[in-house]
Ligand SMILES: Nc1ncnc2c1ncn2[C@@H]1O[C@H](COP(=O)(O)OP(=O)(O)O)[C@@H](O)[C@H]1O
Ligand SMILES: [Mg+2]
């Protein structure tokens, strides 16, 4: 097991105005791993998708609390967890399919597909009426290795 080198967590109300706060806060924390702009944008996108899902799906008809935890590991690995205590997902495998959505026509059904493509690993845990936890793992390669 790799050692944790740093960690932080925040709790937010599930208001869509908090999406940009979450996105920027996580990106600011991960910035200590010296990511490229592209990697930082990937982090912002995946946090945004996960938090949006908690807001619009998890807490569809009410306000709730979203927990975000970020842990940094040796070898520049970032692990981001976004957890809600909302309605949960009935069929996780189906929910992860591209273009599957239970939302309205504004939703593309591509959130999980985007999260998967911008990370090294995506784990979705969910229990109906209990909530959902999404774990995103991304290795930050940074500028050095690109040269
Ligand atoms: N936090 C969550 N709580 C409950 N259901 C969720 C959550 N996240 C995703 N889902 C379910 O998975 C589906 C697919 O999510 P996603 O790929 O992000 O597409 P979209 O958000 O556009 O519907 C959602 O339509 C919803 O049914
Ligand atoms: Mg979504």
message: One residue is enough: does region 1-20 have a residue meeting the conditions within 17 Å of residue 71 (Cβ to Cβ), under 14 Å from the mean Cα position of the chain (by Cα) and assigned to a helix (DSSP H, G or I)?
response: no
message: farther than 18 Å from residue 16 by Cβ and either at pLDDT below 95 or more than 9 Å from ligand 1 (Cβ to nearest atom) (or both): is that true of residue 104 in this structure?
response: no
query: Given the conditions (1) more than 17 Å from the chain's Cα centre (by Cα); (2) within 10 Å of ligand 1 (Cβ to nearest atom); (3) in a loop (DSSP other than H, G, I, E, B), and given that residue 129 satisfies all but one, which numbered condition is not satisfied?
result: (2)
task: For region 9-34, enumerate the residues that are surrounded by fewer than 13 Cβ atoms within 10 Å (Cβ to Cβ), closer than 27 Å to residue 127 by Cβ and more than 16 Å from ligand 1 (Cβ to nearest atom).
output: 9
message: Let me spell it out: the conditions are (1) in contact (Cβ under 8 Å) with a residue 60 or more places away in the chain; (2) out of contact with any helix residue (DSSP H, G or I) (no Cβ under 8 Å at 6 or more places or on another chain); (3) surrounded by fewer than 20 Cβ atoms within 10 Å (Cβ to Cβ); (4) under 25 Å from residue 17 (Cα atoms), and residue 118 meets all of them except one. Which number is the exception?
response: (2)
task: May I ask you to list the residues in region 104-123 that are near ligand 2 (Cβ under 9 Å from one of its atoms) and in contact with a strand residue (DSSP E or B) (Cβ under 9 Å, 6 or more places away or on another chain)?
output: 112, 115
query: Can you pull out the residues in region 76-97 that are exposed (fewer than 14 other Cβ atoms within 10 Å of the Cβ), part of a loop (DSSP other than H, G, I, E, B) and within 15 Å of ligand 2 (Cβ to nearest atom)?
result: 97
Test: residue 54 is outside any loop (DSSP other than H, G, I, E, B), modelled with pLDDT of 95 or more and within 15 Å of ligand 1 (Cβ to nearest atom): yes
query: Any residue at all in region 35-49 that is part of a loop (DSSP other than H, G, I, E, B), more than 8 Å from ligand 1 (Cβ to nearest atom) and touching a residue at least 12 places away in the same chain (Cβ under 8 Å)?
result: yes
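The values are calculated or read from the model by the stated rules, or taken from the named source; none is laboratory data. Bear in mind that the values here come from a model prediction, so they are computed numbers and not experimental data. Note that each Cβ is placed from the backbone with ideal geometry, even for glycine, and that neighbours are counted across all protein chains shown.
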